[in-house]
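The values are calculated or read from the model by the stated rules, or taken from the named source; none is laboratory data. Keep in mind that this is a model prediction, so the values were computed, not measured. Ideal geometry is used to build each Cβ from the backbone, glycine not excepted, and the neighbour counts take in all protein chains shown. These area figures cover heavy atoms from the full protein model, side chains too; ligands, DNA and RNA do not enter into them. Shrake-Rupley method; radii C 1.70, N 1.55, O 1.52, S 1.80 Å.
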Amino acid sequence: MAGLAQPAVERLRLFLRELPPGARALLIAELERAMLRGDDFAGAELILSELRSAVRASQSNEPRIGEAARLFFEPFQPFLVDDHPDNKHRGRIARSAIEPIWLWLSDMVMPGQARTYVEQAENALKSGDEAKTQQLVRNFQGSVLERIEDLLDSAGSDDKAKRRIGVQLGTPRALDDLQTMAGVLKFRDGLATFGTQLPGHINNLNGAPLDNIKAQLDARLQSNPDFFLYALILAMTRLAAPWQLIRLAVKAAGSDNAARIEGTQYAVAVTIVLAEVARTVNELGTDLKSGRGFAVVAMLKDVHDAVRGLRTELDFAADSAWGKQLAAIRAEISKLLSGEINLMPGRVRRLMRPRPAKEIAPGATVNADEVAEAEFLVGFVMACRTYAGELAINEITQRTFSDLQQCLDAGTKSLLDALRTCGEGERPFRQSQVDAAVRFCGKVFGQEYASLLIKAADVASHGDRRSARA
């Protein structure tokens, strides 16, 4: 089966998470440039995913749970999702819900058992007794599973009991979270075994890897249908392109027709993928609005590839539930990206506007953060041009890029003229404007053009004084 072995993946994850922040940023930027050039190499998606996770973990202000709690939640790692708890992901739990769940267990549901477990597990960890630690974790997981199943059974169709659980737990999807917890804990041994049989990372789910994984899933589907959902999700977490999980459904149906796929038990794979694409779009929007902008080009490519894969490898009816869901995702992407694309020309024009000398304080320069943000937006629009067709943003991307070219072409000439004739007090500001223009032009017209602009700026800044000295 093609792909990286799980131990190799874990070593890579550990290495990436220990990188300094500056090294992470440089690696992300280089990988994204390679993607835009069309370069493709094994493991790029895994590296970028891990880098994004490492950056988010370093920026998170959420309190961390203790080591005993972390060991308890270890089987849930493949089923945690970085998304708002309100958004529904069948068989998955929002990562932000983990702490409320632990507090609910340890403070309200089984405080005595939880306290005893934590004390004993911490003592076993301190003494280095790994076998005892694992046994304590398993015993407590079994106790929690029994308690959750009792609560779910007693709630049944009692709306009042369900509301009480929701209030106590404090997560938007409390009952769904508990049902997922019960499923993962119930099948934790089987999922662990299944995980060892999967490669750590699968570059392309096709051919032999597709046949092998389907054979393993079929065997489990026949013996335990309830296990199937979690096995599918676990398999998806090992894919370089999660959307390729739909290929299992296509193979099971023997057709790409959505109606035929809906008649198979693998139909849930399409539902899982659509939820994952919607989650990635939300993540992209959050990063863009926050201004952090790390690896957004890679996320944009992921969304583009997923939408294209769904549209080309599945035969959707436009009025089907899946067809409507995909159309809604594309509309959301178009709305999100159009808003960001519209911001870019104004940011660039404001920074490149030739200003009267009376508006410039002696020694002042252009705000470096504003230049960096505008440069990011220019690069983002360039990436959007690459993926515009599938994401329904062709028109706005072409119009904005044309406006940007005209702005840079005319603006750089004005900035060079202003630099050539300015006084010493305003020269730092004029030079910083030209430096910003160089960065923008490098992304739009290429580095060769930017190099010529640097030479022109040098002549404009020093040429007249050199002639005077001569």
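Would you call E283 assigned to a helix (DSSP H, G or I), touching a residue at least 60 places away in the same chain (Cβ under 8 Å) and either touching a Pro at 6+ places or on another chain (Cβ under 9 Å) or surrounded by 23 or more Cβ atoms within 10 Å (Cβ to Cβ) (or both)? If you could, list the steps in order and put the result at the bottom.
Values: assigned to a helix (DSSP H, G or I): yes; touching a residue at least 60 places away in the same chain (Cβ under 8 Å): yes; either touching a Pro at 6+ places or on another chain (Cβ under 9 Å) or surrounded by 23 or more Cβ atoms within 10 Å (Cβ to Cβ) (or both): no.
Answer is no for this residue.
Across segment 120-174, which residue is most open to solvent (accessible area, probe 1.4 Å) among those that are among the basic types (K, R) and outside any loop (DSSP other than H, G, I, E, B)?
Filtering segment 120-174 for residues among the basic types (K, R) gives 126, 132, 138, 147, 160, 162-164, 173.
Of the ones still in play, those that are also outside any loop (DSSP other than H, G, I, E, B) are 126, 132, 138, 147, 160, 162-164.
Details: K126: 168, K132: 112, R138: 97, R147: 91, K160: 138, K162: 69, R163: 150, R164: 123 Å².
The extreme case among them is K126.
Condition first: touching a Lys or Arg at 6+ places or on another chain (Cβ under 8 Å), on the phi < 0 side of the Ramachandran plot and open to solvent by 30 Å² or more (accessible area, probe 1.4 Å). Can you find one or more residues in segment 326-345 that meet it? Write out each step before concluding.
Taking segment 326-345 and keeping what is touching a Lys or Arg at 6+ places or on another chain (Cβ under 8 Å), we get 326.
From what's left, on the phi < 0 side of the Ramachandran plot: 326.
Okay, now just the ones that are also open to solvent by 30 Å² or more (accessible area, probe 1.4 Å), so none.
There is no residue in segment 326-345 that is touching a Lys or Arg at 6+ places or on another chain (Cβ under 8 Å), on the phi < 0 side of the Ramachandran plot and open to solvent by 30 Å² or more (accessible area, probe 1.4 Å).
Being assigned to a helix (DSSP H, G or I) and modelled with pLDDT of 90 or more: is that true of D305 here?
Values: assigned to a helix (DSSP H, G or I): yes; modelled with pLDDT of 90 or more: yes.
For D305, the condition - assigned to a helix (DSSP H, G or I) and modelled with pLDDT of 90 or more - is met.
Do the conditions hold for A68, that is, is it modelled with pLDDT of 65 or more, among the small types (G, A, S), assigned to a helix (DSSP H, G or I) and open to solvent by 10 Å² or more (accessible area, probe 1.4 Å)?
Values: modelled with pLDDT of 65 or more: yes; among the small types (G, A, S): yes; assigned to a helix (DSSP H, G or I): yes; open to solvent by 10 Å² or more (accessible area, probe 1.4 Å): no.
Answer is no for this residue.
What pairs can you find where one residue is in segment 82-106 and touching a residue at least 24 places away in the same chain (Cβ under 8 Å) and more than 14 Å from A69 (Cα to Cα), the other is outside any strand (DSSP E or B) and among the basic types (K, R), and their Cβ atoms are less than 7 Å apart, with a gap of 6+ or different chains?
D82/R56; D82/R95; D83/R279; P85/R173; N87/R279; K88/R173; H89/R279
Taking the condition of being buried (at least 21 other Cβ atoms within 10 Å of the Cβ) and either without any contact (Cβ under 8 Å) to a residue 40 or more places away in the chain or under 21 Å from A372 (Cα atoms) (or both), how many residues in segment 412-437 meet it?
Result for segment 412-437: 8.
Would you confirm, using the coordinates I've provided, whether A253 is under 20 Å from D315 (Cβ atoms), open to solvent by 10 Å² or more (accessible area, probe 1.4 Å) and in contact with a Ser or Thr (Cβ under 8 Å, 6 or more places away or on another chain)?
Values: under 20 Å from D315 (Cβ atoms): yes; open to solvent by 10 Å² or more (accessible area, probe 1.4 Å): yes; in contact with a Ser or Thr (Cβ under 8 Å, 6 or more places away or on another chain): yes.
Yes: the conditions hold for A253.
Q222 passes all but one of (1) open to solvent by 10 Å² or more (accessible area, probe 1.4 Å); (2) touching a residue at least 12 places away in the same chain (Cβ under 8 Å); which number fails?
For Q222, the failing item is (2).
Out of curiosity, is R260 surrounded by fewer than 21 Cβ atoms within 10 Å (Cβ to Cβ) and either of a type in the set (K, R) or without any contact (Cβ under 8 Å) to a residue 40 or more places away in the chain (or both)? Before you say what the answer is, go through the steps one by one.
On the way: surrounded by fewer than 21 Cβ atoms within 10 Å (Cβ to Cβ): yes; either of a type in the set (K, R) or without any contact (Cβ under 8 Å) to a residue 40 or more places away in the chain (or both): yes.
So R260 passes the test.
Do we find a residue being among the polar types (S, T, N, Q), in a helix (DSSP H, G or I), at pLDDT 90 or above and over 15 Å from R399 (Cβ atoms) anywhere in segment 324-341?
So in segment 324-341, the residues among the polar types (S, T, N, Q) come out as 325, 334, 338.
Still in the running and in a helix (DSSP H, G or I): 325, 334, 338.
The next check asks that each one be at pLDDT 90 or above; those that pass are 325, 334, 338.
Within this subset, residues satisfying the condition of being over 15 Å from R399 (Cβ atoms) are 325.
Looking through segment 324-341, at least one residue is among the polar types (S, T, N, Q), in a helix (DSSP H, G or I), at pLDDT 90 or above and over 15 Å from R399 (Cβ atoms).
Would you call G363 open to solvent by 30 Å² or more (accessible area, probe 1.4 Å) and either without any contact (Cβ under 8 Å) to a residue 40 or more places away in the chain or of a type in the set (K, R) (or both)? Spell out the reasoning first.
Numbers: open to solvent by 30 Å² or more (accessible area, probe 1.4 Å): yes; either without any contact (Cβ under 8 Å) to a residue 40 or more places away in the chain or of a type in the set (K, R) (or both): no.
Judged against the criteria, G363 is not a match.
Please determine whether any residue of segment 375-388 is under 30 Å from V250 (Cα atoms), open to solvent by 20 Å² or more (accessible area, probe 1.4 Å), of a type outside the set (K, R) and at pLDDT 90 or above.
No, every residue in segment 375-388 fails to be under 30 Å from V250 (Cα atoms), open to solvent by 20 Å² or more (accessible area, probe 1.4 Å), of a type outside the set (K, R) and at pLDDT 90 or above.
Kindly state which helices (runs of 4 or more DSSP H) lie completely within segment 361-470 and contain at least 1 residues that are within 23 Å of D302 (Cα to Cα) and out of contact with any Pro (no Cβ under 7 Å at 6 or more places or on another chain). Walk me through how you get there before you give the answer.
Working: elements: 368-387, 394-421, 427-444, 447-469.
Because the criterion is at least 1 residues that are within 23 Å of D302 (Cα to Cα) and out of contact with any Pro (no Cβ under 7 Å at 6 or more places or on another chain), the helices (runs of 4 or more DSSP H) in segment 361-470 that meet it are 368-387, 394-421, 427-444.
Considering L274, L351, which residue is assigned to a helix (DSSP H, G or I), within 19 Å of the chain's Cα centre (by Cα) and among the hydrophobic types (A, V, I, L, M, F, W, C)? So that I can check it myself, show each step before the final result.
Numbers: L351 fails: within 19 Å of the chain's Cα centre (by Cα).
That would be L274, the only listed residue that is assigned to a helix (DSSP H, G or I), within 19 Å of the chain's Cα centre (by Cα) and among the hydrophobic types (A, V, I, L, M, F, W, C).
A quick yes/no check of all residues on (1) without any contact (Cβ under 8 Å) to a residue 40 or more places away in the chain; (2) hydrophobic (A, V, I, L, M, F, W, C); (3) in contact with an Asp or Glu (Cβ under 6 Å, 6 or more places away or on another chain):
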residue	(1), (2), (3)
S157	yes, no, no
L175	yes, yes, no
T180	no, no, no
D189	yes, no, no
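Residues to consider are D83, D107; find the one that is open to solvent by less than 50 Å² (accessible area, probe 1.4 Å), charged (D, E, K, R), at pLDDT 70 or above and not in a strand (DSSP E or B).
Details: D107 fails: open to solvent by less than 50 Å² (accessible area, probe 1.4 Å).
None of the other options fit; the residue is D83.
Would you confirm whether any residue within segment 198-214 is among the charged types (D, E, K, R), more than 25 Å from D302 (Cβ to Cβ), more than 25 Å from the chain's Cα centre (by Cα) and surrounded by 18 or more Cβ atoms within 10 Å (Cβ to Cβ)?
Within segment 198-214 (the criterion being among the charged types (D, E, K, R), more than 25 Å from D302 (Cβ to Cβ), more than 25 Å from the chain's Cα centre (by Cα) and surrounded by 18 or more Cβ atoms within 10 Å (Cβ to Cβ)), the answer is no, since none of the residues qualifies.
Being in contact (Cβ under 8 Å) with a residue 60 or more places away in the chain, within 15 Å of V250 (Cβ to Cβ) and buried (at least 17 other Cβ atoms within 10 Å of the Cβ) is the filter here; which residues of segment 307-325 pass it?
G309, L310, L314, W322
Kindly list the number of the only condition in (1) closer than 30 Å to E370 by Cβ; (2) assigned to a loop (DSSP other than H, G, I, E, B) that fails for A317.
(1)
Quick one: V184 ticks every box in (1) out of contact with any Phe, Trp or Tyr (no Cβ under 6 Å at 6 or more places or on another chain); (2) part of a helix (DSSP H, G or I); (3) not basic (K, R) except a single one, so which number is it?
It fails just one condition, (1).
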